[in-house]
Number of protein chains: 2
Amino acid sequence: MDKTIIDNVSLTDLKIIEHPKGDIFHALKKSEDSYKGFGEVYFSNINHNEIKGWKKHTKMTLNIVVPVGKIKFVIFDDRKESKTYNQFFEVILSTKNYKRLTIAPNLWVAFKGLEENNFLLNIADLEHNPTEGVNINLNEITYNWNN
Amino acid sequence: MDKTIIDNVSLTDLKIIEHPKGDIFHALKKSEDSYKGFGEVYFSNINHNEIKGWKKHTKMTLNIVVPVGKIKFVIFDDRKESKTYNQFFEVILSTKNYKRLTIAPNLWVAFKGLEENNFLLNIADLEHNPTEGVNINLNEITYNWNN
C-alpha cells in the first residue's frame, strides 16, 4: 500500500526476501502504481554528511530506493496550487527502513548521506536531460540539516 | 560499444561520473541496445564465497550491474543450435570493472560473492514468474569455482 505524505509523493513498503546465501531486495515492478514508464536507471553515491540539492525535475518522476547505507531525503513543496504548499517532508531510507520513495515532478529534493557509504538507486521514467532539471544552492531553501 | 562474448550475451562499459559529494553510476537507459523492455528491478545480495546457481530464464533478459563488492558470473551455453554451444563465459564485475552484463534467455547463470558485501542490480524485462525460471543444483554443470 502506498502512503501519501505530501501531494504526489508516496512511500511504499518493499519486500526483502531472506536467503541464506544473500537476500533479495525488491525495488519496482511494472504492475505497481509507482511505475510511470522507463527512461533510465542509475545510482547516486552520497558521502558521509554531504548534501546534494536542491534539485527540481520538471518532467521526471523519481523512484528511489536505498540498498546501501542510510540517506535522509527532504522534499519541499512550493507548488502554489498544492494542498501541501510550503510544507517539507522528511524520510530516512536504508535497508532497515526499506521503502520506495516516489516523487512526482515539480518538487524540490535534497538528500544527505548519514553513514560512511550511501547509495541510492533511481528508476526514472525519463532519460537524463539537463534542461529538464533545475538546480539551486542549498541555502536557497531554508532547512535545518542538523536535526 | 557492446562486446559480444558468447552468443546473446554482451558486456557494455558504463560511465561513472565523478562528483566530490558522491559519484553517479549509470546502469541502463531506454535508448541503449541492451534495453529490452521493463518488467522489474531488484537487488540480489550474495555473501562472501557463496554461489547462487545454476539458473536459466526461459523468457527473461537480465541486465546486471554490480555497484557494491565484487561478483564472479559464469554463463554456460547448452543451446545446441548456438555458435558458442558448450562454452563457458566468466566475468568479474565491480565498480573497478564497471560494466553491464546483458544475458538473453535460455542460458545457464551462476554467480559467486568475492568480497564481504556484494550486491547486484538486475533490470529485468519481465516481472518475476517462478514458472519462467529453471533451477538446478550447482554440481549439475561441472565448473571449477576455485579458479
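The values are calculated or read from the model by the stated rules, or taken from the named source; none is laboratory data. Only a predicted model underlies this, so the values are computations on that prediction, with no experimental measurement involved. Note that we place each Cβ from the backbone using ideal geometry, even for glycine, and neighbour counts take in every protein chain shown.
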Boolean, residue B:84 is exposed (fewer than 15 other Cβ atoms within 10 Å of the Cβ), over 19 Å from residue B:119 (Cα atoms) and either away from chain A (no Cβ under 14 Å) or of a type in the set (D, E, K, R) (or both): no
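Would you be able to say whether some residue in segment B:93-105 is over 19 Å from residue B:28 (Cβ atoms) and buried (at least 19 other Cβ atoms within 10 Å of the Cβ)? Give the steps one after another, and end with the answer.
Initial filter on segment B:93-105 (over 19 Å from residue B:28 (Cβ atoms)): B:96.
From what's left, buried (at least 19 other Cβ atoms within 10 Å of the Cβ): none.
Scanning segment B:93-105, I find no residue that is over 19 Å from residue B:28 (Cβ atoms) and buried (at least 19 other Cβ atoms within 10 Å of the Cβ), so the answer is no.
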Among the numbered criteria (1) within 9 Å of chain A (Cβ to nearest Cβ); (2) touching a Gly at 6+ places or on another chain (Cβ under 8 Å); (3) aromatic (Phe, Trp, Tyr), which one does residue B:111 miss? (1)
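Could you tell me how many of the residues in segment A:113-135 are over 26 Å from residue B:42 (Cα atoms), in contact (Cβ under 8 Å) with a residue 40 or more places away in the chain and of a type outside the set (D, E, K, R)?
Within segment A:113-135, the first condition is being over 26 Å from residue B:42 (Cα atoms), and the residues that meet it are A:130-135.
Filter again for in contact (Cβ under 8 Å) with a residue 40 or more places away in the chain, leaving A:132-135.
Those still in the list that are of a type outside the set (D, E, K, R) too: A:133-135.
Counting residues in segment A:113-135 that are over 26 Å from residue B:42 (Cα atoms), in contact (Cβ under 8 Å) with a residue 40 or more places away in the chain and of a type outside the set (D, E, K, R) gives 3.
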For the list (1) in contact with a His (Cβ under 9 Å, 6 or more places away or on another chain); (2) modelled with pLDDT under 95, I need the number of the one condition that residue A:130 fails. (1)
Which of the numbered conditions does residue A:21 fail, given that it passes all the others? Conditions: (1) at pLDDT 95 or above; (2) more than 10 Å from every other protein chain (Cβ to nearest Cβ); (3) over 23 Å from residue B:19 (Cα atoms). (2)
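Does any residue of segment B:73-81 turn out to be within 13 Å of chain A (Cβ to nearest Cβ) and touching a residue at least 24 places away in the same chain (Cβ under 8 Å)?
The first filter runs over segment B:73-81 and keeps only residues within 13 Å of chain A (Cβ to nearest Cβ), leaving none.
No, segment B:73-81 contains no residue that is within 13 Å of chain A (Cβ to nearest Cβ) and touching a residue at least 24 places away in the same chain (Cβ under 8 Å).
Looking only at segment B:90-113, which residues are under 30 Å from residue B:18 (Cβ atoms) and either more than 12 Å from the chain's Cα centre (by Cα) or not aliphatic (A, V, I, L, M) (or both)? Spell out how you get there, then give the answer.
The first filter runs over segment B:90-113 and keeps only residues under 30 Å from residue B:18 (Cβ atoms), leaving B:90-103, B:111-113.
Result: B:90, B:94, B:95, B:96, B:97, B:98, B:99, B:100, B:102, B:111, B:112, B:113.
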For residue B:59: the one exception among (1) within 13 Å of another protein chain (Cβ to nearest Cβ); (2) in a loop (DSSP other than H, G, I, E, B); (3) closer than 19 Å to residue A:29 by Cα; (4) at pLDDT 95 or above: (1)
Restricting to segment B:33-56, name every residue that is more than 10 Å from chain A (Cβ to nearest Cβ) and closer than 14 Å to residue B:123 by Cβ. B:33, B:34, B:36
